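The values are calculated or read from the model by the stated rules, or taken from the named source; none is laboratory data. Here the structure is a predicted model, which is why all the values come from computation and not from measurement. No Cβ is skipped: glycine too gets one built from the backbone with ideal geometry, and neighbour counts run over all protein chains shown.
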Amino acid sequence: MSLDMSFEFDAVDFVTSDTHFGHVRIIELAHRPFAEVTEMDEEIVRRWNAVVAPDDVVLHLGDVALGPIATPLQITERLNGR
């Protein structure tokens, strides 16, 4: 099995990593200033969409989320960019 990691775009507008959507323990481990994970997730979405336009190209380098796949998919569908 081969994995094709190639893709084409004119330019990358933003590079990010380590959003850790749904990762309860990251609040403690990374000293993030949130009481609970849903608060953290919502604030990341709010800040992301305040900066990233719908047509911006965002390269996410990893550690997008932790937990059941349905939750991160619901969150990432709300993020601006492609």
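Some observations on this one:
- The set of residues in segment 66-82 being touching a residue at least 12 places away in the same chain (Cβ under 8 Å) and within 17 Å of Arg47 (Cα to Cα) consists of Pro72, Ile75, Thr76, Arg78, Leu79, Asn80, Gly81, Arg82.
- Within segment 37-58, the set of residues being within 10 Å of the chain's Cα centre (by Cα) and of a type in the set (A, V, I, L, M) comprises Ile44, Val45, Val58.
- Of all residue pairs spaced 6 or more apart or on separate chains, those with beta-carbon atoms under 7 Å, a first member in segment 27-42 that is farther than 22 Å from Glu77 by Cα and a second member that is in a loop (DSSP other than H, G, I, E, B) are Ile27/Phe34.
- Residue in segment 18-29 that is among the charged types (D, E, K, R), modelled with pLDDT of 95 or more and on the phi > 0 side of the Ramachandran plot present: yes
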